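See structure below.
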Amino acid sequence: MRTPFVAGNWKMNKAPDAAAAFVREIAPGLNAIDGIDIAVCPPFLAIPAVAQVLGGTTIGVGAQNMYYEAGGAYTGEISPTMLQGLCRYVILGHSERRALFGETDEGVNKKIKAALEYNLTPIVCVGESLAQNEAGETQSFVSGQVRAAFAGLDSWQAAVCVVAYEPIWAIGTGRSATAQQAGEIIRTSVRDVLVNMFGNDTAQAIRIQYGGSVTEGNIADYMGQPDIDGALVGGASLKASFIDLVRAAAI
Ligand code: PGA
């Protein structure tokens, strides 16, 4: 049995003070929900303040990105060693990073390996564009992203990773994939690919989230799909109703 996992991706929202105030507001409600792993992923600058507020709770903290080197002349980057101790999770290969900041499959693969080396749990994002979806290329594209992301990993490393399938056309658009569509792609293009790469036991241990316009109103539908183990939530994680969303996912 995989423990459900819902993570909030705050993207470029909430400066340290606002972030700390927000988690102070939502932490008691989230902490009271059993049977689910929960994380919030603030912008880098707000991570220390959020981690401090959440110390002693069951709510995890994640980063939204990192570089794969431990340190050195990499202007503007944040290393895994800087996140260690503050974060349990790190989102890697989000479609916004791939589309806007030039992230490649190869870079994402290096980042996953680095995260694992420093005991951070990667939340590996994959997902197709609207054009790819309409051209019937979803399965081949997403399978390829999964294969590239997990290339060269051992089974025990793969088993601790989390995958987030986020169709790009569903992110921030209010146009979510149906639960059935998402469940089908996750089974055929993520879980089955992982079975192929690492065997059934490992693949069944890996948690796979859906992401893209998830709300407290539709989360239960996604959780009803056998291969969907939770959600990566953007917009709806910025409001106190995130508590209701997580509660609905935990049922
Ligand atoms: P959204 O974002 O929930 O606002 O669609 C999801 C994501 O990008 O992780």
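The values are calculated or read from the model by the stated rules, or taken from the named source; none is laboratory data. Note that the structure is a prediction, hence the values are computed from the model and not measured. Here Cβ is always computed from backbone atoms with ideal geometry, including for glycine, and neighbour counts include all displayed protein chains. Areas reflect the complete protein model, heavy atoms only, side chains present, ligands, DNA and RNA absent. Shrake-Rupley method; radii C 1.70, N 1.55, O 1.52, S 1.80 Å.
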* **Unique match (being closer than 15 Å to residue 125 by Cα and not β-branched (Val, Ile, Thr)) among 232, 245, 238** => 232
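Out of all the residues in the stretch 149-193, which are crowded, with 19+ Cβ neighbours inside 10 Å and in contact with a Leu (Cβ under 6 Å, 6 or more places away or on another chain)?
Initial filter on the stretch 149-193 (crowded, with 19+ Cβ neighbours inside 10 Å): 149-150, 153, 158, 161-171, 176-177, 182-183, 185-186, 189-191, 193.
Once the filter is applied, which keeps residues that are crowded, with 19+ Cβ neighbours inside 10 Å and in contact with a Leu (Cβ under 6 Å, 6 or more places away or on another chain), the stretch 149-193 yields 164, 169.
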* Looking at (1) in contact with an Asp or Glu (Cβ under 7 Å, 6 or more places away or on another chain); (2) among the acidic types (Asp, Glu); (3) away from the ligand (no atom under 16 Å from the Cβ), can you tell me which one residue 201 breaks? -> (1)
* Asked: Restricting attention to the stretch 79-98, which residues are over 18 Å from residue 40 (Cα atoms) and either more than 17 Å from the chain's Cα centre (by Cα) or at pLDDT below 95 (or both)?
  -> 79, 81
* With respect to residue 142, determine if the residue is within 16 Å of the ligand (Cβ to nearest atom) and in a helix (DSSP H, G or I). => yes
* To do: With the checklist (1) more than 19 Å from residue 68 (Cβ to Cβ); (2) open to solvent by 10 Å² or more (accessible area, probe 1.4 Å) in hand, flag the one item residue 98 doesn't pass.
  => (1)
* Asked: Where residues in the stretch 235-244 are under 15 Å from residue 11 (Cα atoms) and open to solvent by 20 Å² or more (accessible area, probe 1.4 Å), which of them is nearest to the ligand (Cβ to nearest atom)?
  -> 235
* Asked: Got at least one residue in the stretch 49-62 being over 21 Å from residue 19 (Cβ atoms) and crowded, with 17+ Cβ neighbours inside 10 Å?
  -> no
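Every residue, every condition in (1) within 18 Å of residue 235 (Cα to Cα); (2) loosely packed, with under 14 Cβ neighbours inside 10 Å; (3) in contact with a Pro (Cβ under 8 Å, 6 or more places away or on another chain), yes or no:
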position	(1), (2), (3)
19	yes, no, yes
32	no, yes, no
37	no, no, yes
42	yes, no, no
68	no, no, yes
73	no, yes, no
76	no, yes, no
82	no, no, no
* To do: Show the residue pairs that are 6+ apart or on different chains and have beta-carbon atoms under 8 Å apart, the first residue being within the stretch 165-193 and basic (Lys, Arg), the second being open to solvent by 20 Å² or more (accessible area, probe 1.4 Å) and within 15 Å of the ligand (Cβ to nearest atom).
  => 175/169; 175/213
* Hey, residue 89 hits all of (1) away from the ligand (no atom under 16 Å from the Cβ); (2) under 21 Å from residue 125 (Cα atoms); (3) hydroxyl-bearing (Ser, Thr, Tyr) but one; which does it fall short on? -> (1)
* **residue 25 vs. criteria open to solvent by 50 Å² or more (accessible area, probe 1.4 Å), out of contact with any Cys (no Cβ under 6 Å at 6 or more places or on another chain), farther than 20 Å from residue 159 by Cα and in a loop (DSSP other than H, G, I, E, B)** => no
* To do: Please enumerate the residues belonging to the stretch 149-186 that are more than 17 Å from the chain's Cα centre (by Cα) and away from the ligand (no atom under 16 Å from the Cβ).
  => 151, 152, 153, 154, 155, 156, 180, 184
* Structure fact -> Filtering the stretch 1-34 for residues that are of a type in the set (A, V, I, L, M) and in contact with a Leu (Cβ under 8 Å, 6 or more places away or on another chain) leaves a count of 5
* Inside the stretch 231-251, can you point out the residues that are more than 28 Å from residue 149 (Cα to Cα), part of a helix (DSSP H, G or I) and not β-branched (Val, Ile, Thr)? -> 242, 244, 245, 247, 248, 250
